[in-house]
Structures are given as structure tokens and as C-alpha cells.
1. How many residues are out of contact with any Gly (no Cβ under 9 Å at 6 or more places or on another chain), modelled with pLDDT of 90 or more and within 18 Å of SER118 (Cβ to Cβ) if we restrict to segment 132-162?
2. Of SER143, SER85, SER78, SER94, which residue is more than 28 Å from GLU59 (Cα to Cα), buried (at least 19 other Cβ atoms within 10 Å of the Cβ) and in contact (Cβ under 8 Å) with a residue 12 or more places away in the chain?
3. Residues of segment 64-75 being in contact (Cβ under 8 Å) with a residue 24 or more places away in the chain and part of a strand (DSSP E or B), which ones?
4. How about segment 52-105: which of its residues are of a type in the set (Gly, Ala, Ser) and within 20 Å of LYS37 (Cβ to Cβ)?
5. Name the residue that is farthest from SER154 (Cα to Cα), counting only residues in segment 45-68 that are β-branched (Val, Ile, Thr) and surrounded by 10 or more Cβ atoms within 10 Å (Cβ to Cβ).
6. Do you know which of the residues in segment 104-126 that are more than 15 Å from ALA41 (Cβ to Cβ) and in a strand (DSSP E or B) is nearest to the chain's Cα centre (by Cα)?
7. It is to be established whether one or more residues within segment 43-59 are within 30 Å of SER126 (Cα to Cα) and not in a helix (DSSP H, G or I).
Amino acid sequence: MKKHGFTLIELMIVVAIIGILAAVAIPAFLRYVQKSKTIEAENNIRKIYDGEVAYYQDERATLGGTYVTRAFTNAGPSPATIPPSGTKGGTAASFDGDDWKRISFAVDGPVLYMYRVSAGGTGTTSSFTANAIGNQDGDSNYSTFLRTGAVDASGNIIGGGGLYKANELE
């Protein structure tokens, strides 16, 4: 007569293997989910940068026909505060102000980060910094994404060194 089934040792080995796999896979999965949320900030900073460049390059005049000196524009902060602990904050209406419209920037709904553009100077002394600040894990550390732009003496826009990230998974 043959016995069917597994011995206690075989079952314990299977449980140990599953435990080891879970110990490795779950943190990796959670980190992957957290990393995927940073894509929002990266994409929006890119859109803001492109909008600032287009705004600067656009020729503007007053109603009287006077040429307006080229400059970047300030925008935000939107939403007004940093959304808490990985939750979405604000609404699409948070980005309906004229400041965001000038650079053709809008979002479809609530966001995970607070966005702001700080600009200064005119003409060849113009510069701006676009940043996103968020807190994915609810601690006292914040993730920061920023990109700068400036105009050189020849009037060319210099895009900084690309996107700067600090504590991106915070």
C-alpha cells in the first residue's frame, strides 16, 4: 500500500522557500510602486520647463503696441500645501490660475506633489526654477525634483543640468 502526500519536512521546506521569496519580493514590489509615483513629478516638471521656455520665446506686446521684454513667469504653489503621506492633494482647479495658463500647464486631477515655479530677471538675465515637493512615506523628509532654466548673454535658453532629484522615494 502506497502513501500519498508530503512529509512534514517537505512542507516545511516549501514554507521556508515561500517565506524567503516573500521577504525579497514584497519590499521590492513596494519600492517599485513608490518609484512609479515619482513619474508624476518627473513628467510634470518636464511640462513646466517646456512651458516656461515657450512662454519666454513668445513675443508679447501691450495693447498700445509696446514690446514687452521677455521673461520667465512665476507660478504656484499648487496645491497650496504639500499633499500628506503619499495621498493626492489639490484638484485640477488648483492649476487654473493665470500663472499656470501662461505656461500652458494643467493637470487632470489631484496630484502627489506641490508644484512651484520661481522666476526672476528679464531678457538675458532671466532665470527660473521649477520644483515639485512631496512626501511619499509620511516621515519628516521630503522628496524634491527641480529643473532650472536661464538665458545666456546671447539670448539662448540654457536648461541647467537636467532634472535634479533629492530623496526621490521619501
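1. 2
2. Among SER143, SER85, SER78, SER94, only SER143 is more than 28 Å from GLU59 (Cα to Cα), buried (at least 19 other Cβ atoms within 10 Å of the Cβ) and in contact (Cβ under 8 Å) with a residue 12 or more places away in the chain.
3. Selection gives ALA75 alone.
4. The answer is GLY76, SER78, SER85, GLY86, GLY89, GLY90, ALA92, SER94.
5. The extreme case among them is ILE45.
6. SER118
7. So far as segment 43-59 goes, yes, one or more of its residues are within 30 Å of SER126 (Cα to Cα) and not in a helix (DSSP H, G or I).
The values are calculated or read from the model by the stated rules, or taken from the named source; none is laboratory data. Just so it is clear, the structure is predicted and the values come from calculations on it, not from any experiment. Reconstructed Cβ throughout: ideal geometry from the backbone, glycine too, with neighbour counts over all protein chains shown.
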